[in-house]
Amino acid sequence: MSITVAVFYLLAAVTVGSALGVAFANSIVYSAFALMGTLLGVAAMFVLLGADFLGVVQLLVYVGGILVLTLFAVMLTHRISDVNVSNRAVGRLPGFVLVAVVFGWMVHVAGSARWVMKAPGAPAPTTYGIGEALLTQYALPFEVASIVLLAALIGAVVVSRKEVKG
Amino acid sequence: MGDLSLGHFVVLGGILFALGLFCVLTRRNAIGILMGIELVLNSANINYVAFARYNQTGYDGQVFAIFVIMLAAAEAAIGLAIVLGIYQSFETIDVEATDRLRR
Amino acid sequence: MTVAPYVALIPLLPLAGATILGLAGVPLQRRLGKAAVSWLACGTVAASFVLAVAAFLQLTTLDPEHRLLLVRLFPWIHVGTLGVDVAFAVDPLSAVMILVVTGIGGLIHLYSVGYMHEDPAYWRFFAYLNLFTFAMLTLVLGDNLLVMFVGWEGVGLCSWGLIGFWHKELANTRAGNKAFIVNRIGDFGFVLGVFLLFWSLDARGHGTLVFRELATHAHLLAGETQWGVPVATLVTLLFFVGATGKSAQIPLYVWLPDAMAGPTPVSALIHAATMVTAGVYMIARLNFLFAMAPATLAVVAVIGAATAVLAATIALAQNDIKRVLAYSTVSQLGYMFLAMGVGAYAAGIFHLMTHAFFKACLFLGSGSVIHAMSGEQDMRKMGGLREKLPATSTTFIVATLAIAGIPPLAGFFSKDEILWQVYSSPYGSPMLWAVGVTVAGLSAFYMFRQVFMVFFGPCHADHETAHHLHESPATMTVPLWILMGGSVLAGLLWIPHVFLPFEAWLEPVVGVHVAVAHHAELAVELSLTLFSVLVALAGIGLAYTIYYRRRPDPAVFGRVLGGVPHRILLNKYYVDELYDLLFVRGVLLVCRMAAWFDLRVIDGLVNLSAAIVRGWAWASGLFDGYVVDGAVNALADVAQFVGRRVRNLQSGAINAYLYVVLIGVLGGVLLYWSLVSAS
């Protein structure tokens, strides 16, 4: 087993372990921190896959932005005292059965498909290529994405502000 | 890359997807559900990047992953704003308690 | 080409000043007083001026062909075939511009120290002023069209902030908005021009936005057409649209007179000396493109001449001291565009420079007058101020002589050179020359009308104001004297073999595209010069008889020479009203017509169909009441029974919905799968 595979298994263990925490923790605060572990693990996976730029974006946007936002929401919507019972789950058994069916099926499909594969080359810096792709081939989706973000920004402000009476 | 193959990553993505799905299905806390969605999106991203790497399709997969991250950010902003709005009017974010439309 | 990193400091110093003042202006002013704000703001611009002089001197040591100082700060956009750096370049043309901007800008900063002293938002004023200086320097120093465009937008933004500086008056903010919106229309043309230029050059394999490379590759566009129009013509016309917005030419000149709502130093700096000349500078910078498009040059010349006449005639009848100067500025800008249009780039830039001197002097002088008159701007309430304001009146009168084109002051040289080139250039014509001379006469008349109304004759101010009359402090009069000196001496630069001949200085940039038979027909040129000076003197004489000797009395003069023309001029040809009617009202009219259509036609149809339905309903109601109701009631009972039970599905619990969705998806895929594998 080469060192990369070992690293992969280590990272996968961290990622999956944290994901289990997200799914099963009793406290929503624990869930949120476990989510951080998962996101960091995924960022490391990206780096392992030679997508260095994406790993950094994952770190900045997910861990630095979305997760902090989530934590804010958690803190704003719960009194710290009843943190422990904040993440009740319902219907675990039917949920488990259903998810097991889906997962099994996915593994079956993934196992039986014949993937067209090429041997990957040595990892190279990707920032330049991604920037080029975003501003040439994907220029229109890129602009649309900026409009979506703008709309989300304004929408979030409108939705979450306090109603001004009168 | 030694003997690391596409299958490793696909299975990892599958596990994350299943856990995210489970989280979405069983949580009663709206923020918990949003976290589950983040897991699902991350699993999709892993697949994008893994397939892009093992198929040598250039940067398309990574660009799509960036768009997914972008949409996740927008979704988190809007979703959490809605959650806060719900909290302001219901004093709770338990999704089973917020069924006023039904009555 | 020489790399000169210190050039970057020229725009960056004012930016630093603006940043500090913008972020920490309030505590700075409270803790250390207004003096600290003044020192910071004036100091940065003064330092820029020193660096600009240094750059100029370094340029003079180089060969004419290699006069270029370049500094690349960082790569900005490098994607596809587009490569743009943030880079500043000093060549002879931009050296002239940075000297004007930092020199005259520095004097106006100094003047503002006295003029704005009472204002509580002192720091904000200087923050804007410094930011403007930065933007203007970026505009003229930019090494490519995009950096230039950053400055182009930046000056517009600062102009907006400064016109509406006293934002508590609604009229001031309106004037700011008007300036900004009208400018945006022009900027739209500019941007389209940049796009089209890059796109068509890129299609020929040389996509670039750097001025020097554009000059090398511009010939690729020769003979190319787009939508049946030569590309060069289309591109230059779009750029000219941008110039008409920024430099207040027909049809987008309407914002400049309203912009006088801002503080007077702003009018002097932005709306006379620097920003409004950006369009002229841009055409001179892109002269190689305009040279390829004779049609555009003709448009530029005609628009310039028309604007000059229009604004000059409006200025004849205005009574607000700053509005006269504003229309005079529009008129002089028209002159510069006339010069550009006939290919006399050097003469146009020279007029830009001399005009900056005397118009800044005039505006600052008018500010000094307004300051002394406790804010009064109506010239009819002034008069006889010469004794009370000796420094202001002396400088103002000398600057007025300069703008009127009396030798040997600066205005004479620049105006005369433009007129001569208009007459002799292959793009020019005697017609345009006649228009130019007329405008010169009109300018002399209305400027001296102003001088006589303000500084001579009896004083019309009320007792209170007259009592407070006083000369301005030294921070305000010293810039006036220096600018007056510039208005007197700047003309000497044009005389060949004195100092540094201006035309030869600009030649590496603007070249001599127009093969003018230079000074060959000396007799013709001298007689034309003599004639234009006589016309100017006649204008001054007319103003003297009417507004000084009062024979005929100005009121009588106004009545005799026509109530109607006078009213038309007083109301600025009703252009504002026309635009209001055409664009603002037009939109409203369409709205109102749509509303009427909705109300009458659509609503009528709806009402008609409603009436038909009502009649039908009454008839069927009878039938319903007896026959159908029975059946319906039975059906309703069934529905209610089912509903009570199905209602539980609509639980309001999101998890339950998710189960349904997931199971539905699974079922769908399973179905599809089984169908596929079955076939």
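Points worth noting:
- Where helices (runs of 4 or more DSSP H) fall wholly inside the range C:206-291, the ranges with 3 or more residues that are touching a Gly at 6+ places or on another chain (Cβ under 9 Å) and not hydrophobic (A, V, I, L, M, F, W, C) are C:231-246, C:264-268.
- Flag for C:I20 being of a type outside the set (K, R) and within 30 Å of A:L134 (Cβ to Cβ): no
- Unique match (being at pLDDT 85 or above and either among the aromatic types (F, W, Y) or over 19 Å from A:L59 (Cβ atoms) (or both)) among B:L39, B:L19, B:L71: B:L19
- Spans of helices (runs of 4 or more DSSP H) in the range C:584-679 with at least 3 residues within 30 Å of B:F17 (Cα to Cα) and more than 14 Å from chain B (Cβ to nearest Cβ): C:654-678
- Verdict on A:L49 being facing chain B (nearest Cβ under 9 Å) and of a type outside the set (K, R): yes
- If you filter the range A:110-132 down to residues that are under 17 Å from A:G55 (Cβ atoms) and facing another protein chain (nearest Cβ under 7 Å), you find that the one that is modelled with the lowest pLDDT is A:P120.
- Selection from the range C:643-665 of residues that are farther than 18 Å from A:R92 by Cα, among the hydrophobic types (A, V, I, L, M, F, W, C) and at pLDDT below 85: C:V646, C:L649
- Being farther than 22 Å from C:V113 by Cβ and in a helix (DSSP H, G or I) holds for only one residue in C:A36, C:A54, C:A47, and it is C:A54.
Conditions (1) assigned to a helix (DSSP H, G or I); (2) touching a Pro at 6+ places or on another chain (Cβ under 8 Å); (3) more than 14 Å from chain C (Cβ to nearest Cβ); (4) modelled with pLDDT under 85, marked per residue:
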site	(1), (2), (3), (4)
B:G14	yes, no, yes, no
B:G32	yes, no, no, no
B:Q62	yes, no, yes, no
B:A81	yes, no, yes, no
B:E96	no, no, no, yes
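- Index of the failed condition, C:T236 passing every other in (1) in contact with a Phe, Trp or Tyr (Cβ under 7 Å, 6 or more places away or on another chain); (2) modelled with pLDDT of 90 or more; (3) closer than 20 Å to C:M353 by Cβ: (3)
- Applying the set (1) modelled with pLDDT under 90; (2) within 26 Å of the chain's Cα centre (by Cα) to C:L15 leaves exactly one unmet item: (1).
- Counting the residues of the range C:214-271 that are farther than 17 Å from C:G304 by Cα, surrounded by 24 or more Cβ atoms within 10 Å (Cβ to Cβ) and polar (S, T, N, Q) gives 2.
Rundown of residues vs (1) in contact with a strand residue (DSSP E or B) (Cβ under 7 Å, 6 or more places away or on another chain); (2) crowded, with 22+ Cβ neighbours inside 10 Å; (3) at pLDDT below 85; (4) of a type outside the set (F, W, Y), yes/no style:
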residue: C:I418; (1), (2), (3), (4): no, yes, no, yes
residue: C:P426; (1), (2), (3), (4): no, no, yes, yes
residue: C:A440; (1), (2), (3), (4): no, yes, no, yes
residue: C:A466; (1), (2), (3), (4): no, no, yes, yes
residue: C:H470; (1), (2), (3), (4): no, no, yes, yes
residue: C:T475; (1), (2), (3), (4): no, no, yes, yes
residue: C:W481; (1), (2), (3), (4): no, no, no, no
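- Residues (surrounded by 17 or more Cβ atoms within 10 Å (Cβ to Cβ), part of a loop (DSSP other than H, G, I, E, B) and among the small types (G, A, S)) located in the range C:362-383: C:G383
- Looking only at the range B:18-30, and only at residues there that are touching a Leu at 6+ places or on another chain (Cβ under 8 Å) and within 7 Å of chain A (Cβ to nearest Cβ), the one that is farthest from C:Y659 (Cα to Cα): B:L19
- Matching residues in the range A:53-67 - criterion: being at the interface with chain B (Cβ under 10 Å from one of its Cβ atoms) and not small (G, A, S): A:F53, A:L54, A:V57, A:Q58, A:L60, A:V61, A:Y62, A:I66, A:L67
- Of the set (1) of a type in the set (G, A, S); (2) in a helix (DSSP H, G or I); (3) free of Cβ contacts under 8 Å to residues at least 12 places away in the same chain; (4) more than 7 Å from chain A (Cβ to nearest Cβ), all apply to B:G58 but (2).
- Residue in the range C:78-94 that is within 14 Å of another protein chain (Cβ to nearest Cβ) and among the polar types (S, T, N, Q) present: yes
- Among the residues making up the range B:6-32, those that are in contact (Cβ under 8 Å) with a residue 12 or more places away in the chain, buried (at least 23 other Cβ atoms within 10 Å of the Cβ) and under 13 Å from the mean Cα position of the chain (by Cα) are B:G13, B:L16, B:F17, B:L19, B:G20, B:L21, B:F22, B:C23, B:V24, B:I31.
Yes/no per residue for (1) of a type in the set (A, V, I, L, M); (2) at pLDDT 90 or above; (3) under 23 Å from B:Y59 (Cβ atoms):
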| residue | (1), (2), (3) |
| --- | --- |
| A:T4 | no, no, yes |
| A:L39 | yes, yes, yes |
| A:A44 | yes, yes, yes |
| A:L48 | yes, no, yes |
| A:Q58 | no, yes, yes |
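- Taken as a whole, the structure leaves C:S393 outside the set of residues that are in a loop (DSSP other than H, G, I, E, B), surrounded by 21 or more Cβ atoms within 10 Å (Cβ to Cβ) and in contact with a helix residue (DSSP H, G or I) (Cβ under 9 Å, 6 or more places away or on another chain).
- C:L162 vs. criteria in the same structural domain as C:M275 (by TED's automatic domain parsing), of a type outside the set (S, T, N, Q), farther than 30 Å from C:V235 by Cα and in contact with a Gly (Cβ under 8 Å, 6 or more places away or on another chain): yes
- Selection from the range A:111-166 of residues that are among the basic types (K, R) and closer than 22 Å to A:T70 by Cβ: A:R161, A:K162
- Search result, residues across the range C:453-502 that are farther than 30 Å from C:K381 by Cα, in contact with an Asp or Glu (Cβ under 9 Å, 6 or more places away or on another chain) and not in a helix (DSSP H, G or I): C:P496
- Criterion: facing another protein chain (nearest Cβ under 7 Å) and either surrounded by 23 or more Cβ atoms within 10 Å (Cβ to Cβ) or within 16 Å of the chain's Cα centre (by Cα) (or both) - qualifying residue of A:L40, A:L35: A:L35
- Only one entry in C:A127, C:A135 is buried (at least 22 other Cβ atoms within 10 Å of the Cβ), free of Cβ contacts under 8 Å to residues at least 24 places away in the same chain and outside any loop (DSSP other than H, G, I, E, B), namely C:A135.
- Residue in the range C:169-191 that is out of contact with any strand residue (DSSP E or B) (no Cβ under 6 Å at 6 or more places or on another chain) and not in a helix (DSSP H, G or I) present: yes
The values are calculated or read from the model by the stated rules, or taken from the named source; none is laboratory data. Predicted, not measured: the structure shown is a model, and the values here were computed from it. A quick note on method: Cβ atoms are made from the backbone with ideal geometry, for glycine too, and the neighbour counts reach across all protein chains shown.
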